[in-house]
Amino acid sequence: MNENKIENKEDENNKVRKTKQHKEHKMLKIFFVVVFAVVVGLMIVVAILKWTPLLSRIEDSISINGSSKITTNTKKNSVYEKSSLAAAIENVKDAVVMVEAYKNGEEQSSGTGFIYKKDDKNGYVITNQHVVADADKIVLVLSNDEEITADILGADEYLDIAVMKIDKDKVPQIAAIGSSEDMKIGDTIFTVGSPMGYEYRGTVTSGILSGKDRLVSVSVSNSSSNDWVMKVLQIDAAINPGNSGGPLVNASGKVIGVTSMKLVQDEIEGMGFAIPIEIAMAHIQELEKGNKIEWPLLGISMANVTDTNLLYRSNIIIDKNIKEGIVVIEISEGSGASKSELKAGDVIIKLNGEKVKDSAYLRYELYKNKPGDTIEVTYIRNGKEHTTKIELTKSQK
């Protein structure tokens with residue numbers, strides 16, 4: 001009897017042991033199946049990403065804050081390094097043209113431009129005004145080396161912007177317009193241009209956005225003085241003669257500015273400047289129509305307080321303690337200034353509360369307004385500060 005009990009107990013233990021072993025074997029089998037499925041799944045995913053356009057499409061949709069934006073060109077399915085600007089360059093390079101300006105059959109200057117628009121009849125090209133000033137013939141060299149003529153529609157020397165038109169059938173690509181206001185210091189930028197002329201057309205230089213809202217004094221026409229202050233973007237990309245009028249482009253291939261060699265001084269290296277695209281585009285429709293930009297007129301002839309020779313010839317003496325400002329030499333009859341308290345000999349030191357240290361800064365503050373606007377002028381007379389209101393009239397230039 002006891003032997004039967006012992007045998008039954010052993011059988012029962014064997015069954016429990018076998019059941020446990022069976023469960024362990026089953027769990028191990030499930031584990032290997034899961035691991036195998038995961039490995040195979042990963043291999044399939046890697047294969048899909050590597051051998052199909054899916055990865056590039058995913059990258060196209062990603063935009064990293066700052067300077068490293070991933071982009072692909074819109075014309076072809078190409079693969080580029082993530083840090084490369086090649087895709088962004090493809091998005092704009094065929095819109096860039098070399099500009100050759102002729103007068104009386106001789107080339108007088110060359111620069112760069114870019115096609116920003118096309119309608120049913122024409123393509124439209126932006127460049128710098130100083131590139132095409134006084135020219136009687138404009139030849140554009142396209143990215144495929146074809147040479148075509150262009151007509152100047154309008155230009156403004158203070159903006160340093162000119163607009164030209166070409167036949168719409170000659171447009172190979174249109175540059176996308178971006179926003180300089182969205183850019184951050186340190187963001188990647190590049191330029192496309194024709195430094196040193198025809199041989200080096202299509203040259204790309206890159207760098208970072210070094211500064212925003214820089215105020216740079218420039219001269220207009222053949223003036224030897226600083227006539228005007230421009231608010232510009234500062235970059236460290238190389239700008240050379242022939243780059244003027246070309247696009248400043250962000251890492252997504254969109255134009256954020258118009259480069260200008262006119263703003264670069266010979267003795268300074270590593271500092272280039274560009275006109276923010278918002279400033280250029282704000283007046284573009286008027287230039288397309290051939291209209292002159294209507295700048296507001298204060299109604300005075302003036303001199304800087306530092307221009308002692310002109311002040312002497314005008315028989316005007318000012319306080320020696322005044323180091324900055326604009327001296328009123330004469331007031332134009334019928335102008336807004338003629339209806340104010342201003343008199344010859346007054347020293348203007350502010351417009352609408354903003355300091356003006358010379359004539360260039362006065363124009364900068366003045367040209368923020370429109371004809372018909374009323375501004376507040378702060379001036380010094382007999383050592384005392386005064387204010388007066390002046391309604392601006394239309395410039396006749």
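Taken over the stretch 319-341, the residue count meeting the criterion of being farther than 22 Å from residue 227 by Cα and among the hydrophobic types (A, V, I, L, M, F, W, C) is 0. If I filter the stretch 330-370 down to residues being part of a helix (DSSP H, G or I) and without any contact (Cβ under 8 Å) to a residue 40 or more places away in the chain, which single residue comes out as farthest from residue 220 (Cα to Cα)? Among those that are part of a helix (DSSP H, G or I) and without any contact (Cβ under 8 Å) to a residue 40 or more places away in the chain, it is 338. Only residues that are under 18 Å from residue 360 (Cβ atoms) and crowded, with 16+ Cβ neighbours inside 10 Å were counted in the stretch 297-319, giving 9. Listed conditions (1) in contact (Cβ under 8 Å) with a residue 24 or more places away in the chain; (2) farther than 20 Å from residue 382 by Cα; (3) in a loop (DSSP other than H, G, I, E, B) are all met by residue 287, apart from (3). The set of residues in the stretch 79-117 that are out of contact with any strand residue (DSSP E or B) (no Cβ under 7 Å at 6 or more places or on another chain), over 11 Å from residue 173 (Cα atoms) and buried (at least 19 other Cβ atoms within 10 Å of the Cβ) contains only 87. Restricting attention to the stretch 123-164 and to residues that are of a type in the set (Ser, Thr, Tyr) and assigned to a strand (DSSP E or B), the residue that is nearest to residue 242 (Cα to Cα) turns out to be 127. In summary, residue 199 fulfils each of the numbered conditions (1) charged (D, E, K, R); (2) crowded, with 17+ Cβ neighbours inside 10 Å; (3) in the same structural domain as residue 278 (by TED's automatic domain parsing); (4) over 18 Å from residue 272 (Cβ atoms) with the single exception of condition (2).
Residue 163 versus (1) more than 28 Å from residue 359 (Cβ to Cβ); (2) in contact with a helix residue (DSSP H, G or I) (Cβ under 7 Å, 6 or more places away or on another chain): which is the lone unmet condition? Of (1) more than 28 Å from residue 359 (Cβ to Cβ); (2) in contact with a helix residue (DSSP H, G or I) (Cβ under 7 Å, 6 or more places away or on another chain), only one is false for residue 163: (1).
Considered as a group, the residues in the stretch 165-193 that are assigned to a strand (DSSP E or B) and surrounded by fewer than 19 Cβ atoms within 10 Å (Cβ to Cβ) include one that is nearest to the chain's Cα centre (by Cα), and that residue is 177. Here is the figure for the stretch 199-217: residues that are in contact with a Ser or Thr (Cβ under 8 Å, 6 or more places away or on another chain) and not in a strand (DSSP E or B) total 3. Residues of the stretch 238-260 that are within 18 Å of residue 186 (Cα to Cα), touching a residue at least 60 places away in the same chain (Cβ under 8 Å) and not in a strand (DSSP E or B): 251, 252, 253. Quick check, is residue 120 outside any strand (DSSP E or B) and buried (at least 17 other Cβ atoms within 10 Å of the Cβ)? Judged against the criteria, residue 120 is not a match. Only one of the numbered conditions (1) of a type in the set (A, V, I, L, M, F, W, C); (2) in contact (Cβ under 8 Å) with a residue 24 or more places away in the chain; (3) surrounded by fewer than 22 Cβ atoms within 10 Å (Cβ to Cβ) is not met by residue 162, and that is (3).
Residue selection: residue 242 fails the criterion of being modelled with pLDDT of 90 or more, buried (at least 20 other Cβ atoms within 10 Å of the Cβ) and closer than 27 Å to residue 388 by Cα. Here residue 100 clears all of (1) of a type in the set (Asp, Glu); (2) assigned to a strand (DSSP E or B); (3) within 30 Å of residue 216 (Cβ to Cβ); (4) out of contact with any Ser or Thr (no Cβ under 8 Å at 6 or more places or on another chain) except the condition numbered (4).
The values are calculated or read from the model by the stated rules, or taken from the named source; none is laboratory data. Small disclaimer: the values here were computed from a predicted structure and weren't measured. In this analysis, Cβ positions are derived from the backbone assuming ideal geometry, glycine residues included, and neighbour counts consider all displayed protein chains.
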